[in-house]
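All of the numbers you see were taken from the coordinates with simple rules; none came from a lab. What you see is a predicted model, and the numbers here were worked out from it, not measured in a lab.
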């Protein structure tokens, strides 16, 4: 139950991260598709968002726009992956989310939101050490005065608590 609650919290955080400024002014079809997809993502219409993001990605030429679309796809698959992973340990959506986050990071290596998505995936799958590494990296790039930095810090503290809890548990069994 604790891991499922954490997974939901981190997924909601990823939606909040995505809303941090990736809506572009409607100038072209690829931008309009991306904006519509982001609206669907925020409304919880993940399948519809994925279709729109994929159409936008096929048309996008601008690297920054592509990175934003890839981040959106990563966030959609992260959201879609919570229930299948928590109920059946099905990681297929998480794998797609990580694939898109990594593609985004190839374009924008310091994209803290994509790093946060990867960290959230690792956290949700119980790999707190890798989650810790991703969150530490993400915190290097986010504006230290923003609410997003404070949220990253809060989430990172939760991951560190899990790491400490797991260390204590392993010492108790020895």
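Across segment 68-174, Cα-Cα pairs more than 22 Å apart make up 34 percent of the total.
The ellipsoid equivalent to the alpha-carbon distribution of segment 58-121 has semi-axes of 23, 12, 7 angstrom, derived from the gyration tensor eigenvalues as √(5λ) and listed largest first. One chain, two ends: residue 164 and residue 147. Fully extended at 0.36 nm per residue, the span grows by 3.6 nm beyond their Cα-Cα distance.
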